[in-house]
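J.: Handing you this structure, nothing more for now.
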């Protein structure tokens with residue numbers, strides 16, 4: 001049997017929880033430094049989990065604290081107690097929740113975002129899908145990046161597909177679709193030109209192979225760009241969603257947090273419908289479908305999880 | 001099949017003299033088990049052992065625990081980290097230091113071994129907490145000791161141990177599968193034979209003996225299942241390199257199925273949340289082993 005070479009990407013700072021500033025201490029601002037005590041941290045953490053499905057374990061306290069400080073500051077509130085009251089009871093609480101989710105997922109768009117998930121995709125999921133598709137005599141597999149933003153995610157998925165082309169070339173076509181609600185961002189994605197920040201996690205050998213340096217920008221090669229097709233889709237529009245049937249792998253990271261429980265349930269059940277049997281769904285690296293769907297089987301890979309449709 | 005069992009059995013008394021659970025661990029355990037222990041008593045015991053005491057302070061002050069003020073006394077550590085956490089660290093350090101000087105078969109990565117053992121213990125702890133089950137710390141001890149048999153084989157039966165490692169690589173199978181094919185005893189049983197002679201709770205012996213086959217445990221089945229699951233979870237989430245599983249699914253696991261029979265409400269267990277909790281335990285386990293090693 002063909003043995004795929006294992007991809008191991010360099011982790012930035014320690015372990016599975018490779019967040020950009022996870023280990024940073026809260027920085028003082030103004031005259032007095034805000035301190036998030038353990039009890040308030042747990043209350044806010046649980047509230048966020050309840051509202052968004054995104055979980056911050058104790059070791060991510062500083063990450064959350066850093067982001068919350070910015071929110072408290074911009075609303076000119078007096079500390080975390082007031083802020084916690086604000087997001088639950090203020091007239092503008094809905095708007096603030098969106099701001100909060102933006103703050104906690106900021107910097108989430110870059111190539112090779114969350115290496116363990118990309119490793120699980122490249123080393124386990126993709127080879128499994130390819131093997132099964134070949135065994136079933138299928139001619140095509142489909143990978144869908146649902147909320148592809150400026151294209152970093154679908155292009156990352158495409159790079160890895162290209163890297164293991166020995167496994168599928170000649171037998172299958174691999175279709176990669178990136179979808180987003182914003183047509184502006186889709187146009188940007190099609191251009192495939194990125195700044196230093198977006199490409200910071202790309203392993204050097206891939207950087208050399210697939211990017212060209214044009215002044216301040218890094219331009220992705222057509223070889224990879226040609227794998228990806230971009231379409232406009234609003235995830236809560238069930239008619240538009242129905243166009244996406246027959247996916248084998250779906251990435252839908254850090255999107256569901258913005259929906260309330262009812263919409264989330266609807267979207268996830270549609271994602272389930274759109275997956276082929278044996279297909280996988282990836283959500284954000286600290287997101288959860290608990291209480292949203294029981295249809296999938298949760299599968300653990302090395303330092304990440306995914307949901308399988310059986 | 002070669003009979004290794006009788007050889008192991010005859011060697012156990014001798015092994016017992018060389019490797020035994022450190023006094024401080026037994027002492028601490030007996031204190032926390034009986035509810036009358038005060039923080040003062042516990043810190044007194046720990047402070048008697050300078051090496052362990054200084055390591056605890058070092059670990060408590062590591063960024064992992066995130067305390068901004070310096071923790072400079074064992075009492076403070078007990079208050080901030082909690083008795084259970086300090087107890088686990090003491091047991092971990094003392095077991096580690098007992099075995100750290102044993103001879104090493106060159107193919108066997110001891111650092112990885114201890115990271116996995118300590119990771120397994122910590123996962124067992126958060127798992128039991130998540131399920132609302134109380135084992136007074138013996139779930140941590142079981143996790144820590146679950147692969148003790150491998151150390152014994154590596155130390156006293158090197159030829160057989162090498163044969164197992166060789167077969168693992170040759171046939172691309174797990175340690176447990178390889179030893180089960182080669183010999184009439186496995187590392188879980190070897191570990192349990194030694195632990196029977198130690199002063200550890202009976203449930204620890206069961207959990208160690210049946211950690212690969214929880215369905216065979218006649219008693220203490222719940223804890224055995226927890227160790228079985230924690231073992232698999234640490235293999236997939238930790239940095240174990242040798243014979244790493246490709247994937248793991250809790251709901252397909254024998255231990256999980258047994259637990260679900262007794263606790264149907266596990267249907268609603270938040271696996272994701274538990275998973276995100278266990279990642280920090282694995283990081284802690286690794287950090288503690290590093291601090292331990294570097295003194």
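The values are calculated or read from the model by the stated rules, or taken from the named source; none is laboratory data. Just so we're clear, the structure is a prediction, and the values are computed from it rather than from any experiment. No Cβ is skipped: glycine too gets one built from the backbone with ideal geometry, and neighbour counts run over all protein chains shown.
J.: Every residue in the range A:52-78 that is away from chain B (no Cβ under 14 Å) and either under 15 Å from residue B:68 (Cα atoms) or assigned to a helix (DSSP H, G or I) (or both), please.
T.: Keep residues of the range A:52-78 that are away from chain B (no Cβ under 14 Å), which gives A:67-78.
Selection gives A:67, A:68, A:69, A:70, A:71, A:72, A:73, A:74.
J.: Would you say residue A:251 is touching a helix residue (DSSP H, G or I) at 6+ places or on another chain (Cβ under 8 Å) and modelled with pLDDT of 95 or more?
T.: On the way: touching a helix residue (DSSP H, G or I) at 6+ places or on another chain (Cβ under 8 Å): yes; modelled with pLDDT of 95 or more: yes.
In short, yes.
J.: Something else: Quick check, is residue B:246 touching a strand residue (DSSP E or B) at 6+ places or on another chain (Cβ under 9 Å) and either part of a loop (DSSP other than H, G, I, E, B) or at the interface with chain A (Cβ under 9 Å from one of its Cβ atoms) (or both)?
T.: On the way: touching a strand residue (DSSP E or B) at 6+ places or on another chain (Cβ under 9 Å): yes; either part of a loop (DSSP other than H, G, I, E, B) or at the interface with chain A (Cβ under 9 Å from one of its Cβ atoms) (or both): yes.
Yes.
J.: For residues in the range B:128-152 being over 18 Å from residue B:186 (Cα atoms) and within 15 Å of the chain's Cα centre (by Cα), which is surrounded by the fewest Cβ atoms within 10 Å (Cβ to Cβ)?
T.: Here is the first cut: in the range B:128-152, the residues over 18 Å from residue B:186 (Cα atoms) are B:128-141.
So of that shortlist, the ones also within 15 Å of the chain's Cα centre (by Cα) come out as B:128, B:135-141.
Values: B:128: 21, B:135: 21, B:136: 16, B:137: 22, B:138: 21, B:139: 30, B:140: 27, B:141: 29.
Top of the filtered list is B:136.
J.: Considering each residue of the range A:263-279, count those that are in contact (Cβ under 8 Å) with a residue 40 or more places away in the chain, within 18 Å of the chain's Cα centre (by Cα) and in a helix (DSSP H, G or I), and give that number.
T.: Within the range A:263-279, residues that are in contact (Cβ under 8 Å) with a residue 40 or more places away in the chain, within 18 Å of the chain's Cα centre (by Cα) and in a helix (DSSP H, G or I) number 2.
J.: Where residues in the range B:227-243 are part of a helix (DSSP H, G or I) and either closer than 23 Å to residue B:66 by Cβ or free of Cβ contacts under 8 Å to residues at least 12 places away in the same chain (or both), which of them is nearest to the other protein chains (Cβ to nearest Cβ)?
T.: First, the residues of the range B:227-243 that are part of a helix (DSSP H, G or I): B:227-237.
Imposing the further condition that a residue be either closer than 23 Å to residue B:66 by Cβ or free of Cβ contacts under 8 Å to residues at least 12 places away in the same chain (or both) reduces the set to B:234, B:237.
Working: B:234: 11, B:237: 6 Å.
Per the stated criteria, the residue is B:237.
J.: Identify, please: which residue in the range B:153-184 is crowded, with 23+ Cβ neighbours inside 10 Å and within 21 Å of the chain's Cα centre (by Cα) and is, among those, nearest to residue B:115 (Cα to Cα)?
T.: B:154
J.: Sticking with this one: Got at least one residue in the range B:193-213 being within 22 Å of residue B:90 (Cβ to Cβ), surrounded by fewer than 22 Cβ atoms within 10 Å (Cβ to Cβ) and within 14 Å of chain A (Cβ to nearest Cβ)?
T.: no
J.: Output the residue which, of all residues in the range A:150-175 that are without any contact (Cβ under 8 Å) to a residue 40 or more places away in the chain and part of a helix (DSSP H, G or I), is surrounded by the fewest Cβ atoms within 10 Å (Cβ to Cβ). Outline the logic, then answer.
T.: Narrowing the range A:150-175 to residues without any contact (Cβ under 8 Å) to a residue 40 or more places away in the chain: A:165, A:168-171, A:173.
Narrowing further to those that are part of a helix (DSSP H, G or I): A:165, A:168.
On the way: A:165: 11, A:168: 19.
Filtering first and then ranking leaves A:165.
J.: For the range A:67-101, name all the residues that are under 24 Å from residue A:283 (Cβ atoms) and touching a helix residue (DSSP H, G or I) at 6+ places or on another chain (Cβ under 9 Å).
T.: Within the range A:67-101, A:67, A:68, A:71, A:87, A:96, A:97, A:98, A:99, A:100, A:101 qualify.
J.: Taking the conditions exactly as written (buried (at least 16 other Cβ atoms within 10 Å of the Cβ), within 24 Å of residue A:234 (Cβ to Cβ) and in contact (Cβ under 8 Å) with a residue 60 or more places away in the chain), does residue A:145 satisfy them or not?
T.: Values: buried (at least 16 other Cβ atoms within 10 Å of the Cβ): yes; within 24 Å of residue A:234 (Cβ to Cβ): yes; in contact (Cβ under 8 Å) with a residue 60 or more places away in the chain: yes.
The answer is yes for residue A:145.
J.: Given the conditions (1) in a loop (DSSP other than H, G, I, E, B); (2) away from chain A (no Cβ under 13 Å), which single one is not true for residue B:222?
T.: Looking at each condition in turn, residue B:222 falls short on (1).
Residues are listed down the side, and each one gets a yes or a no for (1) within 13 Å of another protein chain (Cβ to nearest Cβ); (2) in contact with a strand residue (DSSP E or B) (Cβ under 8 Å, 6 or more places away or on another chain); (3) under 30 Å from residue B:234 (Cα atoms):
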| residue | (1), (2), (3) |
| --- | --- |
| A:254 | no, yes, yes |
| A:264 | no, no, no |
| A:272 | no, yes, yes |
| A:280 | yes, yes, yes |
| A:288 | yes, yes, yes |
| A:303 | yes, no, yes |
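J.: For residue B:19, only one of the following conditions fails: (1) over 30 Å from residue B:159 (Cα atoms); (2) in contact (Cβ under 8 Å) with a residue 12 or more places away in the chain. What is its number?
T.: Of the numbered conditions (1) over 30 Å from residue B:159 (Cα atoms); (2) in contact (Cβ under 8 Å) with a residue 12 or more places away in the chain, the odd one out for residue B:19 is (1).
J.: Pull up the range B:249-295, narrow it to residues that are over 21 Å from the mean Cα position of the chain (by Cα), within 13 Å of chain A (Cβ to nearest Cβ) and closer than 24 Å to residue B:177 by Cα, then point me to the one that is surrounded by the fewest Cβ atoms within 10 Å (Cβ to Cβ).
T.: Residue satisfying both the conditions and the ranking: B:252.
J.: Based on what the data block shows, is residue A:272 modelled with pLDDT of 95 or more and crowded, with 21+ Cβ neighbours inside 10 Å?
T.: no
J.: Determine, yes or no, whether residue A:259 is within 17 Å of the chain's Cα centre (by Cα), surrounded by fewer than 19 Cβ atoms within 10 Å (Cβ to Cβ) and away from chain B (no Cβ under 14 Å). Working first, answer last.
T.: Working: within 17 Å of the chain's Cα centre (by Cα): yes; surrounded by fewer than 19 Cβ atoms within 10 Å (Cβ to Cβ): yes; away from chain B (no Cβ under 14 Å): yes.
It is true that residue A:259 is within 17 Å of the chain's Cα centre (by Cα), surrounded by fewer than 19 Cβ atoms within 10 Å (Cβ to Cβ) and away from chain B (no Cβ under 14 Å).
J.: Condition (residue is modelled with pLDDT of 80 or more and in a loop (DSSP other than H, G, I, E, B)) applied to the range A:17-32: is it met by at least one residue?
T.: Looking only at the range A:17-32, we keep the residues that are modelled with pLDDT of 80 or more, and these are none.
No, there is no match, as no residue in the range A:17-32 is modelled with pLDDT of 80 or more and in a loop (DSSP other than H, G, I, E, B).
J.: Residues to consider are B:93, B:185; find the one that is out of contact with any strand residue (DSSP E or B) (no Cβ under 9 Å at 6 or more places or on another chain) and not assigned by TED's automatic domain parsing to the domain that holds residue B:214.
T.: Numbers: B:185 fails: not assigned by TED's automatic domain parsing to the domain that holds residue B:214.
Residue meeting the stated conditions: B:93.
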